[in-house]
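S.K.: Okay, here's the structure, questions in a sec.
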Amino acid sequence: MKRLLFFIFAGLLPLTASAQDVDSLMSDTLDAVNVTVRRPGVARLSGAENGMRINRDELFRAACCNLGESFTTNPSVDVSYSDAATGAKQIKLLGLSGTYVQMLTENLPNLRGAATPYALDYVPGPWMQSIQVSKGASSVRNGFESITGQIDIEYLKPDDDEGFTVNLYGNTLSRFEANADGNVHLSDGLSTELLLHFQDDYAHHDANDDGFLDQPNVRQWNLQNRWKWRTDSYLFHAGVALTKEKREGGQISNLKSQISNLKSQILNPYRISTETDRYEAYMKHAFILNPEHGTNIALMASGSLHQIVADYGLHHFDVNQKTAYAQLMFETSPTEEHNVSAGLSLLYDYYGQADHETTPGAYVQYTYTLGTRLTAMAGLRADHSSRYGWFVTPRLHLKYMPADVLTLRLSLGKGYRTPHAMAENHFLLATGRQLVVSDRLQQEEAWNAGLSAQLTLPVAGRTLRLNAEYYHTRFMQQMVIDYDSDPRLISITDLDGRSRSNTIQVDATYPVLEDMEVTAAWRWNDVKTTYGGVLRERPLTSRYKALLTASYKPGTGLWQFDVTAQLNGGGRLPQTSNLKSQTSNLTTFPAYGQLAAQVTRWFRHFSVYVGGENLTGYRQQHPVIGADDPWGPSFDATQVWGPVHGALLYAGVRINFGRL
């Protein structure tokens with residue numbers, strides 16, 4: 001890996017020298033600029049929903065290799081490993097797992113079901129134009145699944161300024177990435193775009209010498225072709241995508257493990273392998289009937305095939321999910337105060353002959369806007385599931401500004417979700433414990449209520465932005481993963497009792513210097529679920545999080561310095577009192593800190609960035625329980641609460657070649 005980083009830097013040196021000459025030629029032009037307007041990296045949504053838009057300026061503050069690494073500087077969204085064997089990551093929002101966050105790509109539901117365990121790795125960071133994060137039960141127009149929020153990914157657009165860009169990345173954990181995107185304007189209204197991604201984690205790393213890879217070797221190819229055609233009254237947008245990925249993990253050969261467990265390590269190693277093939281297609285048609293009143297009819301449709309073949313030791317799992325979605329929508333604003341949206345939708349999921357579901361639905365949403373002071377959005381949708389029958393989803397959002405400096409928001413709504421126990425959680429097979437799944441799980445159902453306040457105050461000639469929010473989620477039905485009731489089992493059952501989450505967050509952003517902005521945040525999570533008849537704190541969930549992040553881009557913006565520090569609070573470990581392991585007597589995990597930093601040098605047509613993650617070097621010492629006997633009942637790689645690798649250094653270059 002050191003050799004790879006050397007070649008990256010060596011290749012950049014001549015580019016740096018020539019760019020210095022270009023900068024000197026531009027100095028007169030730059031000196032003549034008196035006003036520099038810099039777009040904020042994170043902007044609050046202006047509507048009734050409580051959310052934020054993360055744009056490319058914010059994404060460039062870190063390496064941002066994929067969606068899962070795009071929230072490093074965000075206080076609201078957590079990303080953590082689901083297990084220590086496959087590298088699966090999950091989002092946590094409002095203290096709950098990412099299955100309760102509705103994932104969208106440009107307002108189309110996506111990355112559901114079998115795609116959930118590795119969904120964050122399927123979206124390359126350089127492809128993203130922005131990410132919109134909405135908290136709480138969101139708009140009904142995108143479906144009934146949002147319980148804790150929505151994450152909507154906006155890709156680069158075919159009709160953006162023509163150009164071709166390349167992003168190369170390498171790190172000290174033997175990971176190499178190459179990304180490319182290019183678009184062509186074929187005519188005044190027609191344009192196309194090609195996005196390419198390749199990733200290769202090619203070496204073995206076992207920092208704690210337990211005989212297991214700290215992270216799997218991953219090789220991924222990702223391709224997407226997008227088209228856009230626009231006239232004065234019609235908009236067409238379509239695309240196709242392909243993802244192929246192979247992950248290999250588990251036991252590796254090293255001297256210590258061979259001596260301690262020669263038979264298991266050499267004759268019968270515990271291997272983990274997953275192979276994924278994913279195909280996607282989508283199209284959007286919009287007919288603009290009256291531009292003055294925003295009257296339009298839109299038809300959107302998408303489909304995906306997602307196939308996974310996985311082996312965990314002797315356990316085999318495969319799934320071939322087929323998903324189709326269609327929505328017909330009408331929207332109009334008869335006056336400036338009133339907006340009405342209504343539509344029909346159809347969702348189809350197929351996991352096999354015994355597991356498929358068709359859900360047609362209809363919704364109506366009304367928004368009332370009184371100047372800048374008041375916005376009220378009420379929505380109602382009714383859907384019919386072929387498995388669960390009729391259900392109704394009501395949602396309400398209010399935004400009120402009693403003063404120019406204060407914005408209050410209130411939200412209340414319901415959400416539903418069809419659980420797919422094994423498709424969404426097959427990484428639980430990486431354990432010696434017996435996995436028991438209920439025959440037919442009930443549809444998940446939850447209420448979510450939230451209250452937030454944003455305050456903007458002038459302080460010392462600059463603007464201080466304060467935010468405080470509280471969210472409560474209460475489940476009526478829920479799929480529960482029970483580690484506690486029997487240490488020999490992991491049970492996936494329906495909720496039998498209570499389950500709820502309370503989250504409080506406060507954050508502040510202030511430009512301490514003209515070119516330096518600092519954000520400080522603190523969040524508290526109180527998440528409890530009934531396990532075996534006892535209401536307990538949800539395991540492997542941090543009770544709190546503190547974050548401090550700063551970005552400094554002085555002068556003309558040729559240099560940028562970013563640093564993020566966070567403290568992740570401790571939490572509860574599952575009860576494993578009769579399991580033989582290094583952590584069997586522990587009931588909680590400790591708080592731990594992490595530090596990330598990056599330096600970027602901007603040039604006219606490219607930028608160079610170097611940085612590091614987890615610079616404190618903290619890691620969970622024994623993420624794989626019972627690693628010395630992976631075929632025994634004590635083996636468990638699913639109880640991960642902290643980083644599984646130590647400090648990581650990286651370097652990369654982004655090059656803009658201009659028009660093709």
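The values are calculated or read from the model by the stated rules, or taken from the named source; none is laboratory data. Everything numeric in this text was worked out from a predicted model, so none of it was measured. Heads up, the Cβs are rebuilt from the backbone with ideal geometry, glycines too, and the neighbour counts pull from every protein chain shown. The protein model used for the area step is the full one, side chains on, heavy atoms only, and it has no ligands, DNA or RNA in it. Shrake-Rupley method; radii C 1.70, N 1.55, O 1.52, S 1.80 Å.
S.K.: For Phe561, Phe475, give me the order by solvent-accessible area with a 1.4 Å probe, most accessible first, ignoring ligands, DNA and RNA.
M.R.: Numbers: Phe561 80, Phe475 10 Å².
From most accessible down to least: Phe561, Phe475.
S.K.: Continuing with this model, one more query. May I have the convex hull volume per residue, in Å³, for the Cα set of the stretch 96-141?
M.R.: 93
S.K.: Where only protein heavy atoms count, and the probe is 1.4 Å, what is the accessible area per residue for the stretch 269-424 in Å²?
M.R.: Per-residue accessible area for the stretch 269-424 comes out at 46 Å².
S.K.: So how far apart, in nm, are the two label points at Ser187 and Leu586 if each is 7 Å from Cα heading toward Cβ?
M.R.: Inter-label distance under the simple model: 6.4 nm.
S.K.: For the chain, go through all pairs of different Cα atoms, get the mean of 1/r, take its inverse, and jot down that Kirkwood value in Å.
M.R.: Computed over Cα pairs of the chain, the Kirkwood hydrodynamic radius comes out at 26.3 Å.
S.K.: Hey, with R₀ at 56 Å, roughly what FRET efficiency would Ile297 and Asp629 work out to, going by the Cβ-Cβ distance, to 0.05?
M.R.: 0.35
S.K.: With charges only on Cβ, +1 for K and R and -1 for D and E, what is the dipole size of the chain about its Cα centre, in debye, rounded to 20?
M.R.: My answer is approximately 980 debye.
S.K.: Once the piece of chain linking Ala376 and Arg488 is laid out straight, how much longer is it, given 0.36 nm per residue of separation minus the C-alpha distance between them?
M.R.: Net length gain for the segment: 35.2 nm.
S.K.: Could you compute the FRET efficiency for Leu548 and Phe164, with r as their C-beta to C-beta distance and R0 at 41 Å, rounded to 0.05?
M.R.: 0.65
S.K.: Percent of accessible area on the stretch 80-190 owned by carbon and sulfur, 1.4 Å probe?
M.R.: On the stretch 80-190, the fraction of accessible area on carbon and sulfur atoms equals 51 percent.
S.K.: So if we plug the beta-carbon distance of Gln434 and Arg498 into 1/(1 + (r/R0)^6) with R0 = 41 Å, what FRET efficiency do we get, rounded to 0.05?
M.R.: Values: r = 27 Å, r/R0 = 0.65.
Here the calculated transfer efficiency is 0.95.
S.K.: Determine the alpha carbon to alpha carbon distance for each of Lys92/Lys399; Lys246/Lys528; Lys244/Lys414 and list only those over 28 Å.
M.R.: From Lys92/Lys399; Lys246/Lys528; Lys244/Lys414, over 28 Å: Lys246/Lys528; Lys244/Lys414.
S.K.: Within the stretch 88-105, which residues have the backbone N less than 17 Å from the label spot 7 Å out from Leu305 along Cα→beta-carbon, could you tell me?
M.R.: none
S.K.: Now for a separate question. Stretched out fully, how many nm does the piece from His605 to Trp524 gain, at 0.36 nm a residue minus the Cα gap? Provide the component values of the computation, followed by the final result.
M.R.: On the way: separation 81, 0.36 × 81 = 29.16 nm, distance 4.30 nm.
Extending this stretch completely gives an extra 24.9 nm.
S.K.: For the stretch 434-496, what size does the Cα cloud have along each of its three principal axes, sorted from largest down, in whole Å?
M.R.: Answer, in whole Å and largest first: 62, 24, 13 Å.
S.K.: In terms of the Cα gyration tensor, with a ≥ b ≥ c the square roots of its eigenvalues, is the stretch 33-181 rounded because a/c is under 1.5, prolate because a/b exceeds b/c, or oblate?
M.R.: Oblate.
S.K.: In addition: Just to make sure I understand: if all protein chains stay in place, what is the order of Met476, Met300 by accessible area at 1.4 Å, largest first? Write out the running numbers ahead of the final one.
M.R.: Details: Met476 90, Met300 25 Å².
The ordering from most to least exposed comes out as Met476, Met300.
S.K.: Pulled fully out, how much extra length does the chain show between Glu537 and Lys157, if you take 0.36 nm times their separation in residues and subtract their Cα-Cα distance?
M.R.: Gain in length upon complete extension: 132.4 nm.
S.K.: Counting every Cα pair in the stretch 518-645, what percent are over 25 Å apart?
M.R.: Percent of Cα pairs beyond 25 Å in the stretch 518-645: 45.
S.K.: Let me ask another. What is the stretch 360-491 by shape, rounded, prolate or oblate, if you read a ≥ b ≥ c off the alpha carbon gyration tensor as root eigenvalues and call it rounded for a/c under 1.5, prolate for a/b larger than b/c, and oblate otherwise? Numbers along the way, then the final one.
M.R.: On the way: a/c = 4.00, a/b = 1.72, b/c = 2.32.
Note, shape of the stretch 360-491 comes out oblate.
S.K.: For the chain, what does the helix formula give at 222 nm: sum of -39500 (n - 2.57) over DSSP H segments with n ≥ 4, over the residue count, nearest 500 deg cm²/dmol?
M.R.: Mean residue ellipticity at 222 nm (helix-derived): -2000 deg cm²/dmol.
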